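Rule-based calculations on the coordinates, nothing more; no lab input. Note that this is a predicted model, so its numbers are computed, not measured. Note: ideal-geometry Cβ built from the backbone for every residue, glycine included; neighbour counts use all protein chains shown.
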Amino acid sequence: MTAAVLAGAPAAQALLGEARRRAAALPVRPHLHLIRVGQDPASLSYVRGKDRQAREAGLRSTVHALPEDVALPALLALLDHLSADPEAHGILVQLPLPPHLPPAAVQAATDPRKDVDGFHPLNVGRLWAGQPGLAPCTALGILALLRHYGQPLSGRSAVVVGRSPIVGRPVAGLLLAADATVTVAHLRTPDLGRVTRDADVLIVAAGQPHLITADMVRPGAAVVDVGIHRLTGPGGAPHLTGDVHPGVAQVAGALTPVPGGVGPMTVAQLLLNTVQAAEAQLGRSAA
Ligand code: NAD
């Protein structure tokens, strides 16, 4: 048996279509502000992609490129300004930040109604309290991907490997809200395979290439591979791989590819979050 491929592109297109439709129904174009600090090549490329896709989806997008040595008060002043600006609907500060800028201070400085990354403590609390709000994009994208392919969650055993605030924790909260029975495993979990073999739905966000091997997966399970790593192949050619060993495809019922699985969902969900934030600020929805 080979696992069904849970490709991200069609599911991301569905989210982008929804973002485009809902944005077009608003009296103003939702405006996303992307802030990046320094010249980290990955951050440059992520912000460029988000900016381009926002425009393609009919949103306005502005990139604020700040120097590597920008002082914390200057960054906080920009966040204050954008938080107070009625024409700014979504604000995202691209991570990682240089060491002199503590992410927690930056995340707490964004108006929670405009916090389209869902990292503000108020939004984190809302997620865990089961209340409506803005939730982190990769976690929402994973749930949207599973729903797109009709993977049931209610009453199922879901195991999340990884407890980062960006992926592991929020995806666990969303799975709980979807009525799954949720276990979170992490670096200190002894005998990881014993835990992961219990999963009907296995989400892997550990940042360790090929951590999950076929013997650690229940036959027929749905497996979501969030990890993304650039490895060098035998011929020296670079290739991308995930946290899940390719052999898992022989055991799992469904598996996300890397690349092309979770990746496209994250940006699509960011745009949907921006539209949701704009709707709420314009009095068009409860969230
Ligand atoms: P992180 O390093 O912040 O967190 C990793 C988590 O995995 C930690 O909680 C740690 O306890 C756990 N972990 C590490 N090694 C483990 C092990 N051997 N056994 C069990 N648990 C272990 O990483 P992150 O930000 O959550 O990202 C995880 C991966 O997902 C990375 O490869 C990252 O590049 C990728 N990622 C992809 C997207 C996307 O859109 N596709 C978005 C965010 C992150």
- Message: Only sites in a loop by DSSP and with at most 16 other Cβ atoms within 10 Å count here; which chymotrypsin sites (Phe, Trp or Tyr not before Pro) in segment 51-159 make the cut?
- Response: Tyr149
- Over segment 35-154, consider all pairs of different Cα atoms and compute the Kirkwood hydrodynamic radius from their mean reciprocal separation; express it in Å, one decimal. 15.7
- Computed Kirkwood radius, in angstrom, where 1/r is averaged over Cα pairs of segment 158-245: 13.4
- Item | Length-normalised contact order of the chain in % [C-alpha pairs under 8 Å, at least 6 apart] | 23
- About its Cα centre, how strong a charge dipole does segment 65-187 have in debye, to the nearest 20, once Lys and Arg get +1 and Asp and Glu get -1 at the Cβ? 660
- Message: I'd like to compare 212-220, 249-257, 198-206: which one has the highest average count of other Cβ atoms within 10 Å, and what's the full order after that?
- Response: 198-206, 249-257, 212-220
- Task: Could you let me know the centre-to-centre spacing of segment 39-107 and segment 246-287, using Cα atoms, in angstrom?
- Result: 20
- What's the extension gain from Arg48 to His100 if we count 0.36 nm per residue and subtract their Cα-Cα distance? 16.3 nm
- Message: Could you order the peptides 134-140, 80-86 from most to least packed, using the average number of other C-beta atoms within 10 Å per residue?
- Response: 134-140, 80-86
